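Let me begin by presenting the structure, written as structure tokens, before commenting on it.
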Amino acid sequence: MNIKVRLSKKKIATLLTVLVIFFQLIFNRKSLNIASFFLTPTIKKSISETFKVTRVIDGDTVEIEDKRRIRYIGINSPELHDPRRPIQCFGQQAYEENKKLAEGKTIRLEKDVSETDKYKRLLRYVYVGDIFINDYLVRQGFAQKSTFPPDVKYADLFADAQKEAEENNRGLWATCPLKQK
């Protein structure tokens, strides 16, 4: 018994594709990525939130157009509005610098792990154009590093920024008598 099978190019291509998928599943034991079989490149879009700052609260907190407050992750500026104590050394300067950087400007927000803090403020890394505000404020001595896990993405960067500010006596490191290290 002699059977002749005549396959079209389309059927051969389909059969070969099925065989490739089968061998990938058997030998690689990885999940199947159908997109990898197509020549069209996929483009991943970066999701970023942008908002206009309507008000600066202090050296590490701003309010955006929808009235939500944004608390900068990984840093802490001297207190300006704590009813339990007077304005801390360099608190007014930190506020003024943050105001100069952010007020009335469009900021880009980057989330780490946590969504909000205990005061319901959004926790974010904040950018104005190419300026990473969290880093800038620490590096120029307007704030200190302040790491609270799990939000530690830039902890090493902020530690280096603070070291640089301290070594160069910038901002609060030159002015305030009680320097926390």
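Bear in mind that the values in this text are calculations on the coordinates, not laboratory data. Keep in mind that what you see is a predicted model, and the values were worked out from it rather than measured. All Cβ positions, glycine included, derive from the backbone under ideal geometry; neighbour counts span all protein chains shown.
Of all residues being in contact with a strand residue (DSSP E or B) (Cβ under 6 Å, 6 or more places away or on another chain) and aliphatic (A, V, I, L, M) in segment 58-92, which is surrounded by the fewest Cβ atoms within 10 Å (Cβ to Cβ)? Just the residue, please.
80
Could you check segment 97-156 and list, in sequence order, the residues that are under 10 Å from the mean Cα position of the chain (by Cα), surrounded by fewer than 21 Cβ atoms within 10 Å (Cβ to Cβ), of a type outside the set (A, V, I, L, M) and more than 17 Å from residue 56 (Cα to Cα)?
The answer is 110, 111, 112, 151, 153.
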